[in-house]
Amino acid sequence: MDNPIKQAIEEWNQLLPQMNRFAPELNRLGEALLVCWQRRGKVLTAGNGGSACDAIHLAEELVVRYSKNRRALAAVALCDPGNLTCGGNDLGFNLVFSRQVEALGNPGDFLVVFSTSGNSANIVKAVETAKSQQLQTVAFIGKDGGALKGVCDFEFHIPVKNTARVQEAHLMLYHSLCEWIDQRVD
């Protein structure tokens with residue numbers, strides 16, 4: 001049996017050279033986010049499980065700080081336990097994020113979703129609701145891209161099957177975006 005540590009590192013050695021292809025799209029996203037915040041808009045984030053942790057992590061990096069003290073940037077992770085459990089109980093788990101997008105999203109705002117499969121029904125529904133309300137949409141997806149492939153305004157697709165590698169790559173990408181933002185926001 002292969003050493004799992006060596007295997008994980010080898011998977012990263014194969015994936016890392018491919019990450020540069022996302023630089024233009026990250027730049028384009030960064031510019032669009034700056035316009036959103038200049039207009040007093042906000043970023044909503046959503047995900048399930050480990051992807052929920054990424055959604056929360058990105059939102060807090062924007063609101064609080066990434067690596068320098070700068071002005072706060074409007075971002076809300078749609079992961080409040082009260083909203084999730086109330087929505088899941090009363091409306092069904094497939095609507096827990098779309099309901100919040102409906103309540104909080106305004107035209108020109110952003111919805112950033114994380115889904116390693118691209119098939120999470122509640123994430124797909126949230127994107128549909130965001131589009132109907134004229135939010136810009138961003139998908140961090142993996143594997144074959146699932147139902148979200150080609151659907152969002154910005155897409156960061158990591159085409160590998162290993163969920164851990166997908167989530168690690170997503171972290172690298174949104175941290176790179178945060179570094180870009182830190183250089184441009186006082």
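What follows is calculated from the coordinates using simple rules that are stated; it is not laboratory data. This is a predicted model, so every value here is computed, not measured. Virtual Cβ from ideal backbone geometry, glycine too; neighbours counted across all protein chains shown.
List, in order, the whole-Hz ³J(HN,Hα) value for each residue of region 5-22 obtained from phi through the Karplus relation with A = 6.51, B = -1.76, C = 1.60 and θ = phi - 60°; use x for Gly and Pro.
Taking θ as phi minus 60°, the curve returns 5, 4, 5, 4, 5, 5, 4, 5, 4, 7, 7, 4, x, 7, 5, 4, 5, 8 Hz for region 5-22.
Using modelled backbone amide H atoms (1.01 Å from N, in-plane), which distant-in-sequence or interchain residues come within less than 5 Å of T45's amide H?
Residues meeting the amide H criterion: V76, A77, L78, V112.
Using helices alone, I'd like the mean residue ellipticity at 222 nm for the chain: each DSSP H run of four-plus residues gives -39500 (n - 2.57), total over residue count, nearest 500.
For the chain, the value works out to -16500 deg cm²/dmol.
Based on the Cβ-Cβ distance from R65 to N119, what FRET efficiency comes out when R0 is 30 Å, to the nearest 0.05?
The formula returns an efficiency of 0.35 here.
If you average the sequence gap of Cα pairs under 8 Å that are 6 or more apart and divide by the length of region 76-186, what percent do you get for the contact order?
In percent, rounded to a whole number, it is 19.
Just the Cα atoms of the chain: what Rg and Dmax do they give in Å?
When restricted to Cα atoms, the chain yields Rg and Dmax of 16.3, 55 Å.
Rank these for me by crowding, D182, D2, D54, going from fewest to most other beta carbons within 10 Å.
Ordered by Cβ neighbours within 10 Å, fewest first: D2, D182, D54.
I need V138, V113 ordered by Cβ neighbour count within 10 Å, fewest first.
With the fewest neighbours first, V138, V113 line up as V138, V113.
If eta is 1.567 mPa s and T is 4 °C, what Stokes-Einstein diffusion coefficient results for region 115-186, Kirkwood Rh from Cα pairs, in µm²/s?
101 µm²/s
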